[in-house]
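S.K.: Mind looking over this structure? Questions follow.
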Amino acid sequence: MSTRFADKSVLVTGGGSGIGRGIALAFAREGARVAVAGRGAGPLAETVALIEAAGGKAVALTGDVTNSADAARLVRETVERFGGLDVAVNNAGVFGAAGPVAEIDEDEFRRVVEINVTGTLLAMKHQIGHMRAHGGGAIVNVSSNLGVHRRLEGVGAYAVSKAAVTALTRAAARDHIGEGVRINTVSPGPVDTPMSSRPGESDADKSDRMKSEVPVGRSGAIAEIAAAVLYLASPEAGYTVGADLVLDGGVTA
């Protein structure tokens, strides 16, 4: 157990699996008290159990960040449980159905934007509201290299939503740094999670594809994404404001 985030309270949305779970575990290993938020109670409980088994402190909070009242409650319950909110990581998101732009289902497009963009906005709104009234804090939003940095066929809804997250982060960073709230983004490329696998693709097939598509020859590890998030949330990144840290093995270099 490190102590870099000792006595700090951290809220991680989308913390029931994948990158969000890895981020929550990483903060706990470095001494933070972690509120793990999401819509599914079961996966959140699993993340909390992993943290507690390693000697950390965590609580599971169910909620939907596309609902403003829920987003506010997640902040309030984190503060009530742990005495404050020092860091927030907004990781909740969906990939959505694939398909060319002319064939995007309108309801599906709205769903992807609602979760990825509006969810990030509402989460930040309430996190910032608390932080600026209590001495500041750090927020890290999880975007993607798809959108601002990279385009692929058939993922228009997701790319639009993640480009918006990046732009929203930069706008919020400028708006609120004067109030002591420091906001940045990480934009991962393919990572070792189901979201980066194609339908029906085996692990071996995915590994072969990564060797040809990614300059470093592999997918990113969840731990590598988590390490970048912890850096941006740490005092060492105190001069880093509105950054978009791309972690994609050289795909967009």
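S.K.: Lysines within cross-link reach of Lys8: Cα-Cα under 18 Å, excluding same-chain residues under 8 positions apart?
M.R.: Candidates past the 8-residue exclusion: Lys57.
S.K.: Taking amide H positions as placed 1.01 Å from N in the peptide plane, with prolines and chain starts having none, which residues 5 or more places from Leu11, or on another chain, fall under 5 Å of its amide H?
M.R.: Those lying under 5 Å, H to H, from Leu11 are Ala35, Val87, Ala88, Val89.
S.K.: Let me ask you something else. Over the Cα atoms of the chain, Rg to Rh with Kirkwood Rh, two decimal places? Don't skip to the end; give the middle numbers.
M.R.: On the way: Rg = 17.3 Å, Rh = 18.2 Å.
A ratio of 0.95.
S.K.: What are the aspartates and glutamates whose alpha-carbon lies under 17 Å from the alpha-carbon of Lys206, with same-chain residues fewer than 8 places away excluded?
M.R.: Asp192, Asp248
S.K.: If you don't mind, there's one more thing I want to ask. Determine which lysines satisfy two conditions relative to Lys211: a Cα distance under 26 Å, and not lying fewer than 8 residues away in the same chain.
M.R.: Those lysines meeting the cut-off are Lys162.
S.K.: Need the C-alpha centroid separation for the stretch 76-137 versus the stretch 24-41, integer Å.
M.R.: Distance between centres, Cα-based: 16 Å.
S.K.: Take Ala53 and Glu103, extend 7 Å from each Cα along the Cα→Cβ direction, and tell me the distance between the two endpoints in nm.
M.R.: 4.2
S.K.: In the chain, which helices (entire DSSP H runs) extend 24 Å or more along their own long axis, judged by Cα positions, while averaging at least -0.5 on the Kyte-Doolittle scale?
M.R.: 156-176
S.K.: What does the charge count around Arg29 come to, taking other residues whose C-beta lies under 14 Å from its C-beta (Lys +1, Arg +1, Asp -1, Glu -1)?
M.R.: That works out to +3.
Throughout, read-outs are computed from the coordinates displayed, never taken from laboratory work. Keep in mind that what you see is a predicted model, and the values were worked out from it rather than measured. Here Cβ is always computed from backbone atoms with ideal geometry, including for glycine, and neighbour counts include all displayed protein chains.
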